[in-house]
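Asks: This is the structure I want to talk about, given as structure tokens.
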Amino acid sequence: MMAAMAWHLCLAVSLLCGTPWPQGHSALAPENEVPLRPTAWLPDGKVTTMHLPKGRTRRLYFTLKKKVAMMSVTVSPCDLPIEWTLEARTLKDKPPKSLHWSTKKSMPEVWWRGPGTKAKIHTYTGNAMNTYTGPSYAPASIYIVRLRSRDQDTRATVYLHEGSGTSWAFPQLPSDSRVHTLGVGMTSVTLSWAPSAPLKRLHTHRSYDYCVLVNRKHNYRNLCAAQEGIRKEREKDKKREKDKQRKVTVWPILKDWWWQQWDADTELQSPAALRDDYGHLQCVCKGTESVCTVSELVPDTQYYFDVFLIDRLNGTSAAYTGTFAQTHEEARPAITPLREGELRWVTFRDGGSTSGEFFSFRPRGWQQSGLLTLQSCESSEKINITVSSKGKELSSQAVGENLAQIWLQGSPSYLIHLEKEGTAAPRQAAPGVLKASVKMQASSTYHRQGIPSLPSTLQIKSFNRLRSCESVTLAWMGTEERSLYCVYRQRLGKGGGKKGGTAPCLGPESRLDTERVLCKYFQELNPRRAVTTAVIGGLEPGVAYIFDVYLMRRWGIPIKYSSKTVRTRKEC
């Protein structure tokens, strides 16, 4: 292996620093003689594509027939500006038929050998399609098309037309070649453009197609530039992998140096290869219709749309003036801010399978912590809550008749989404009656490290032995935190029917002041012994009462214990 590498290095050094060509060759060749190389001839009536390496000049040669008075040369750059010139070299005498040189000569070298004149006919620099049309020179002339790219490697197409008139090699666009926007939606855009007159006239003779391309970066000047942009995006990741796996050897270096000596490497591409490239285009719309609806777009995003008229017979194309449009943003739901300690009722009306409400909450204090408490008032409806911050979901759970507590910490603001799923069978209800409702409250929790504790049970116990004609004794479980407990009573009628509702979600704010019996503070550090009692007096003999106990906390909504019905004694 080392011997092979040494041999390649010696060969490269000998080519660079060794002896020049034999003296016989140098004595016969003038200073401006073109070195021996493959000759690139530009045919008439065919599109020729050339690869243009950065900073290197490519040449194409052609001659005209004797009776041709007019000619036109069209050069179409791909995605970068190029320089191209058209020159004519006229000989005083025709080149001799027999040559006695020590080396084989190509035809362009023969023209350079004899005396003659050189004239620059046309020059252009830019990235737009450019055409020269003019008369031909003397019969004994050879024409040279020089192409050069200064910035990067690119390619260009060259077309020669002998004679006057239109060649029809490139599609003809209408006078109004702009792409118009008919409609813009959230995920779709409808485009239209004026149809091409040649498409109407020659659609039975030639194979024309429209191709609509869409991207998020910019509009493309021509189809070749669009192909290059798509190719570069696809090969960006592949190129990184190839660079890691590439092995540097002597032979690739020597081979690159060798071919760089020949500046006429044409790397021509036939129209058939171009037609294959057109087949791989991912056109969102393709055909002969001049209206296109581009769908499956992202909302609130700007897109660029280009329309190309492709002549698949000649392998050429023409570009309409592209346009751009921004899709509409999604209908954002209304977000209601929650105030500190505000009790909010969220209602969902009957109708529709799914509905939702959005709220936001900003905790106070540098700790950025808070407590969110919720309770559903409809047991037959399934209600879910999702809490997120900066697009990241923090908590998601179902909300039922039991109190739900969600701890908020670490974010300056929170997005709260309440959603009702209509899984329950519809019930008979009066028009306008609320189907489901949720009670919710958000509070900032200063100097707290977690969710407040709840009673181990929400059952109220009454003592039969302590029941009298005018009083009853109740007991319930408390917590280890100091909290306020309020007892409410409600008298039942003679038939046992209730005069008012005692739903679990109804808090003390829904009760009358006359129904409140007492309020007391209680705290027990041992949860097993956290039992408090209350004697309720001033009752009527032989009357049934409903008693409700509410746990009033500093944070969160009040907690309602299960209602307890107790009847006083008739006789004492």
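Asks: Give me the extension gain from ASP513 to ARG448: residue separation times 0.36 nm, minus the current Cα-Cα distance, reported in nm with one decimal.
Replies: Extending this stretch completely gives an extra 20.2 nm.
Asks: How many nm is it between the label spots at PHE358 and GLU470, if each spot is 7 Å from the Cα in line with the beta carbon?
Replies: Result for the modelled spin labels: 6.1 nm.
Asks: According to the square roots a ≥ b ≥ c of the eigenvalues of the Cα gyration tensor, what is the shape class of segment 457-572, taking rounded for a/c under 1.5, prolate for a/b larger than b/c otherwise, and oblate for the remainder?
Replies: Oblate, since a/c reaches 1.5 and b/c is not below a/b.
Asks: So, R0 is 41 Å and r is the distance between the beta-carbons of SER462 and THR301; what FRET efficiency does that work out to, to 0.05?
Replies: Result of the calculation: an efficiency of 0.05.
Asks: Next up: Treat each spin label as a single point 7 Å out from the Cα along the C-beta direction, and report the THR533 to LEU182 distance in nm.
Replies: It is 8.4 nm.
Asks: According to the square roots a ≥ b ≥ c of the eigenvalues of the Cα gyration tensor, what is the shape class of segment 367-413, taking rounded for a/c under 1.5, prolate for a/b larger than b/c otherwise, and oblate for the remainder?
Replies: Because a/c hits 1.5 or more and a/b fails to exceed b/c, segment 367-413 counts as oblate.
Asks: Within the set of other residues whose C-beta is less than 13 Å from the C-beta of ASN219, count the net charge using Lys and Arg as +1 and Asp and Glu as -1.
Replies: Result for the neighbourhood of ASN219: +2.
Asks: Any idea how far the Cα center of segment 126-150 sits from the one of segment 508-538, in Å?
Replies: 102
Asks: Still on this model: Could you order THR117, THR181 so the one with the most accessible surface comes first? Probe is 1.4 Å. Intermediate results must be reported in sequence, preceding the final value.
Replies: Values: THR117 85, THR181 60 Å².
So the residues, ranked largest to smallest area, are THR117, THR181.
Asks: Could you calculate the FRET efficiency of TRP168 with ALA334 from 1/(1 + (r/R0)^6), where r is the beta carbon distance between them and R0 is 51 Å, rounded to 0.05?
Replies: Computed FRET efficiency for TRP168 and ALA334: 0.30.
Asks: Which of the pairs LYS46/LYS238; LYS54/LYS239; LYS232/LYS392; LYS67/LYS118 have their Cα atoms more than 28 Å apart in this structure?
Replies: LYS46/LYS238; LYS232/LYS392
Asks: Roughly how many whole Å is it from the C-alpha centroid of segment 439-461 to that of segment 356-374?
Replies: Distance between centres, Cα-based: 15 Å.
Asks: What do you get for trypsin sites (Lys or Arg not before Pro) in segment 477-572 restricted to DSSP loop and a cutoff of at most 12 other Cβ within 10 Å of the site's Cβ? Don't skip to the answer; put the middle values down first.
Replies: On the way: sites: ARG482, ARG489, ARG491, LYS494, LYS498, LYS499, ARG511, ARG516, LYS520, ARG528, ARG529, ARG553, ARG554, LYS560, LYS564, ARG567, ARG569, LYS570; in loops: ARG482, LYS494, LYS498, LYS499, ARG511, ARG553, ARG554, ARG569, LYS570.
Answer in residue order: ARG482, LYS494, LYS499, LYS570.
Asks: So how do GLU342, GLU296, GLU357 rank on accessible area, 1.4 Å probe, biggest first, that is with the largest at the start?
Replies: Order by accessible area, largest first: GLU296, GLU357, GLU342.
Asks: Still on this structure, please answer the following. So how do SER468, SER396, SER196 rank on accessible area, 1.4 Å probe, biggest first, that is with the largest at the start?
Replies: Ranked from most to least accessible, the order is SER396, SER468, SER196.
The values are calculated or read from the model by the stated rules, or taken from the named source; none is laboratory data. All figures in this text were calculated on a predicted structure; none of them were measured in a lab. Using ideal geometry, Cβ is built from the backbone for each residue, glycine included, and neighbour counts are taken over all protein chains shown. The protein model used for the area step is the full one, side chains on, heavy atoms only, and it has no ligands, DNA or RNA in it. Shrake-Rupley method; radii C 1.70, N 1.55, O 1.52, S 1.80 Å.
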